[in-house]
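First comes the structure, then the notes that go with it.
The values are calculated or read from the model by the stated rules, or taken from the named source; none is laboratory data. Just so it is clear, the model here is predicted, and its values are computed rather than measured. Every residue, glycine among them, receives a Cβ derived from its backbone with ideal geometry; neighbour counts consider all protein chains shown.
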Amino acid sequence: MRRKLAAGNWKMNGTRAALAEIGAMREAASGAAEVLICPPATLVAQAVGNDAGVVIGGQDCHANASGAHTGDISAEMLKDAGATYVILGHSERRQDHDEHDDLVRDKARAAWEAGLSVVLCVGESLAQRDAQNTLDIIGGQLAGSIPDGATGHNLVVAYEPIWAIGTGKVPTTDQIGEVHDFMRSRLERRFGAGVGRSVRLLYGGSVKPSNAAEIFAVSNVDGALVGGASLKASDFVPIIDALNDSAD
């Protein structure tokens, strides 16, 4: 059985005052699903001290363990701060920082070497969806971004259609299911049935309390990677509750 995962990506939001929101997730985090919050790097160590049963991750890491990389953070630094996960390959990193699959793969390898689990993001643009290239794009990102050596412990894959992130637009459940089933088959083909079936697959893109239960009922959806709705416990807890219910 794959343990369900509700992951929150705070992006460039949050100061120390926001740590109280993590504490407010305490009761929901005691359910069947694992709850992960990835705050800004400035809050990782403090979030670990206030996690209330919520696991903490980073939002990115450098491919090198150390060096002359002003402003960057290594996987070892995140691990030292108490993080257990790191998000890699998010579309905002791919677009805003010109990160390609090979760099994402190198970062994932560095994260694994430091002992972090990776939440690796894939997703297509609206133009690619309209051109019916979605599965080709997702397949290419999976092949290019995931290093050899993946396991159900060190890898989580999050499907986030770029056109649905923060827009309020959500793919149909059939569209989500098609991509998640495809990702499962690709992982099984590359890493073997045992590993391929153990990797958790998350959906991300305008997940909110009103649509969470419907999304969690889709084939091969093991949870969600949530952006804006994870900033407040009042928004995120109902999503966690829906995931806990789906795990019963």
Take the residues in the stretch 105-145 that are without any contact (Cβ under 8 Å) to a residue 24 or more places away in the chain and not in a helix (DSSP H, G or I), then tell me which one is nearest to Arg200 (Cα to Cα). Asn133
Only one of Leu187, Leu202 is over 24 Å from Cys38 (Cα atoms), in contact with a Gly (Cβ under 6 Å, 6 or more places away or on another chain) and buried (at least 20 other Cβ atoms within 10 Å of the Cβ); which? Leu187
Residue list for the stretch 9-50, restricted to those being within 17 Å of Leu78 (Cα to Cα) and crowded, with 20+ Cβ neighbours inside 10 Å: Asn9, Trp10, Leu36, Ile37, Cys38, Pro39, Leu43, Val44, Ala47
May I ask you to list pairs of residues, at least six apart or on different chains, whose Cβ atoms are under 8 Å apart, with the first in the stretch 153-175 being more than 17 Å from Glu92 (Cα to Cα) and the second being among the acidic types (Asp, Glu)? Thr173/Glu214
Select, from Ala127, Ala164, the only residue that is more than 21 Å from Lys4 (Cβ to Cβ), modelled with pLDDT under 95 and of a type in the set (Gly, Ala, Ser). Ala127
Arg105 - would you say it is crowded, with 18+ Cβ neighbours inside 10 Å and of a type outside the set (Asp, Glu)? yes
With (1) farther than 21 Å from Gly166 by Cβ; (2) polar (S, T, N, Q); (3) in contact (Cβ under 8 Å) with a residue 60 or more places away in the chain as the list, and Ser219 as the residue in question, which single condition is left unmet? (3)
Among Val86, Val104, Val119, which is at pLDDT 95 or above and either under 10 Å from Ser145 (Cβ atoms) or charged (D, E, K, R) (or both)? Val104
Scanning the stretch 128-165 residue by residue, the ones that are more than 19 Å from Asp106 (Cβ to Cβ) and loosely packed, with under 13 Cβ neighbours inside 10 Å total 5
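From the list Ser91, Ser66, which residue is buried (at least 20 other Cβ atoms within 10 Å of the Cβ) and hydroxyl-bearing (Ser, Thr, Tyr)? Talk me through it step by step, then tell me what you get.
Working: Ser66 fails: buried (at least 20 other Cβ atoms within 10 Å of the Cβ).
It is Ser91.
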Any strands (runs of 3 or more DSSP E) falling wholly within the stretch 1-75 and containing at least 1 residues that are within 25 Å of Val157 (Cα to Cα), touching a Cys at 6+ places or on another chain (Cβ under 7 Å) and not basic (Lys, Arg): 5-9, 55-58
Hey, can you tell me all the residues within the stretch 61-111 that are within 13 Å of Cys38 (Cβ to Cβ) and touching a helix residue (DSSP H, G or I) at 6+ places or on another chain (Cβ under 6 Å)? Cys61, Ile73, Ala81, Gly82, Ala83, Val86, Leu88, Ala111
